[in-house]
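Written below as structure tokens is the structure these notes are about.
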Amino acid sequence: MTLDDFRAMLSAAAPPAGLSGVLCALWHDAHGDWDDAHRIAQDIETPDGAWVHAYLHRKEGDLSNARYWYHRARQSEATDSLESEWTRLVTAFLSA
């Protein structure tokens, strides 16, 4: 699946079956459903889940919490736009 394929799936009313947890969380985030995205991300106890969790707290504006999750994800704290980070996350998880 490509980034364009993933973006095309955003027009659906629900995430497609078979998406990984991190991609499902990012799908919900793109739909403006931060709560569902966060609920999914916080249940993924991997560095990938921590990275999505960090992004979501950054988006929320809770930067100290975001820093904690970036550290858990072993990622540098993002300083680019939220849209750029979302794209980077989706791209990384699609190629994993």
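Taken together, the values in this text are just the output of simple stated rules run on the coordinates, not laboratory data. Just so we're clear, the structure is a prediction, and the values are computed from it rather than from any experiment. Glycine gets a Cβ as well: all are built from the backbone with ideal geometry, and neighbour counts include every protein chain shown.
Just want to confirm a number: the relative contact order over the chain, from Cα pairs under 8 angstrom separated by 6+ residues, in percent. In percent, rounded to a whole number, it is 25.
Connecting C-alpha atoms closer than 10 Å in a GNM of the chain, tell me which of 72, 58, 39 has the biggest fluctuation. Highest fluctuation among the options: 39.
Which of 19, 89, 6 sits closest to the plus end of the dipole of the chain, meaning its Cα is farthest towards the positive end, when Lys and Arg get +1 and Asp and Glu get -1 on the C-beta? About the Cα centre, the residue reaching furthest to the positive side is 89. Considering only 23, 56, 82, the Gaussian network model of the chain with Cα springs below 10 Å gives its largest mean-square fluctuation to 82. For region 22-94, the Cα-based Rg and Dmax, in that order, read 10.5, 28 Å.
Listed by Cβ neighbour count within 10 Å, with the fewest neighbours leading, 51, 34 appear as 34, 51.
Among the GluC sites (Glu not before Pro) in region 23-96, which ones are in a DSSP loop with at most 14 other Cβ atoms within 10 Å of the Cβ? Mind listing them? Taking region 23-96 and a limit of 14 other Cβ atoms within 10 Å, the loop GluC sites (Glu not before Pro) found are 45, 77.
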